[in-house]
Amino acid sequence: MRGREPKPLPIFDGHNDVLLRLWLKQSENAVADFITGDGKGHLDLPRMAKGGFAGGMFAIFVPHPEDRDLEDEDVNPPPAGEVSTAMAIQPALAMASLLFRIAREAPDRFKICRTAADIRSSMAAGAIAAVLHIEGAECIDTKFKSLDVLYESGLRSLGIVWSRPNQFGHGVPFRFPSSPDTGPGLTEAGKDLVRVCNELRIVIDLSHLSEKGFWDVARLSKAPLIATHSNAHAISASSRNLTDDQIRAIAASGGMIGLNFANGFLRSDGSWRNDTGLDMMLRHLDHLIELAGADHVGLGSDFDGARIPAAIGDVTGLPALIRAVAEHGYDAALVTKLCSENWIKALARTWGN
Ligand code: ZN
């Protein structure tokens, strides 16, 4: 008989795409599958409990129907298809609906959080603390009417772009090796979006944004700069990763960087192969902490949105990462900051609660 495994350390994570995974099923059973555990992809409720996944940002992301999954060596894939507001709105609402239905059908195990205090009380009660996030603002009209509705529904975090252009700005195409300076910055509507997000105190997520767009936001926004799921360009020269100047600017603003688990953003060869060692994740953490300090770095797994190291596998691999971090020499206080405290404090600074 095996002894009881120790309770895993609670983790608040900067980014996952489980709503996309569930939406793509196009099944009446998608919510029940998540709650009872379908064992597919990286996240479902039973596996999250096992891995210590205590909360995080849950993304709405609308893919172009013709985009395909990347192969191992697709380091410079063709550009992703563009998505119009009309194409995006129905899938976006459908993914939001999945989140609300999960919370309604498993109210003791899953709660939608609108404040940092909500996150703390949900985690203390052992319920997943879910924050509604949008990755790529295609579904937001330039008069911000849908944003009003989504904000009142709980939206507290918004990525202006995914890796394609939209009405607000330009995302970086997936390129390796490449600087993140791949194209123009924010449009006039994008600058308005920054102002509106500041007024509503919605997190502006900089992951996927072109470098010019990043500096546009840095200049315009009054809020901490946050990249929910991005790594260090000095370690992996992907267009999706942050330069040292960007990392320093995020820290100086009181912001936050979530370590992305995607192979192509971890590896120094840019490949999507999954034989990526945990040592690569430690190298990124070392670099991010060296430049940003101990208070501005956490996790941003990209679970269910990317191919991740086989050494992690799925959410039940989180304790292996935490063990590796501890064995690497990070003390208990730093491990707790990386696992949840830094995220919760950065969100509290942004939301003012
Ligand atoms: Zn992403």
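The values are calculated or read from the model by the stated rules, or taken from the named source; none is laboratory data. These numbers come from a predicted model, not from an experiment. Don't worry about glycine lacking a Cβ; one is built from the backbone with ideal geometry, like all the others, and counts go over all protein chains shown. Side chains included, ligands, DNA and RNA excluded: accessible areas come from the protein's heavy atoms. Shrake-Rupley method; radii C 1.70, N 1.55, O 1.52, S 1.80 Å.
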Amide H neighbours of residue 260 under 5 Å, counting only residues 5+ apart in sequence or on other chains, H built in-plane at 1.01 Å? 230, 231, 300
At 0.36 nm per residue, minus the direct Cα-Cα distance, what do residue 310 and residue 198 gain on full extension? Give it in nm, one decimal, please. 36.4 nm
Helix by helix, which DSSP H runs in the chain go 20 Å or more along their axis at the Cα atoms and have an average Kyte-Doolittle hydropathy of -1.0 or more? 85-105, 278-292
Which FRET efficiency, nearest 0.05, do residue 275 and residue 320 yield, Cβ-Cβ r, R0 22 Å? 0.90
Segment residue 149-residue 7, extension gain: residue separation times 0.36 nm, minus the distance between their alpha carbons: 47.3 nm
For 327, 105, give me the order by solvent-accessible area with a 1.4 Å probe, most accessible first, ignoring ligands, DNA and RNA. 327, 105
Kindly report, to the nearest 10 Å², the accessible surface of residue 331 as traced by a 1.4 Å probe over protein heavy atoms only. 90 Å²
Using alpha-carbon positions, what is the distance between the centroids of segment 71-102 and segment 323-353, in Å? 29 Å
Counting each pair of different Cα atoms once, what's the Kirkwood radius of the chain in Å, rounded to one decimal? 19.8 Å
Taking the Cα centre of segment 140-194 as origin and charging only Cβ (+1 Lys, Arg; -1 Asp, Glu), how large is the dipole, in debye to the nearest 20? 160 debye
Roughly how many Å is it from the Cα centre of segment 1-59 to that of segment 243-322, as a whole number? 19 Å
Quick one: pull the percent of accessible area on the chain belonging to carbon and sulfur, 1.4 Å probe, ligands and nucleic acids left out. 52 percent
Dipole in debye (nearest 20) - the chain, about Cα centre, beta carbon charges: Lys, Arg +1; Asp, Glu -1: 1000 debye
What is the sum of charges around residue 333, taking Lys and Arg as +1, Asp and Glu as -1, for the other residues whose C-beta is under 14 Å from the C-beta of residue 333? -1
Name the residues of segment 268-284 whose amide N is less than 13 Å from a point 7 angstrom out from the Cα of residue 328 along the C-beta direction? 277-284
Measure of exposure for residue 307: accessible area at 1.4 Å probe, Å² rounded to 10, is 100 Å²
With the other protein chains left in place, how much accessible area per residue, in square angstrom, belongs to the chain at a 1.4 angstrom probe? 40 Å²
Reachable lysines from residue 222, Cα under 26 Å, same-chain residues fewer than 8 places away excluded? 143, 145, 191, 212, 337, 345
Gap separating the Cα centres of segment 188-215 and segment 123-181, nearest whole Å: 9 Å
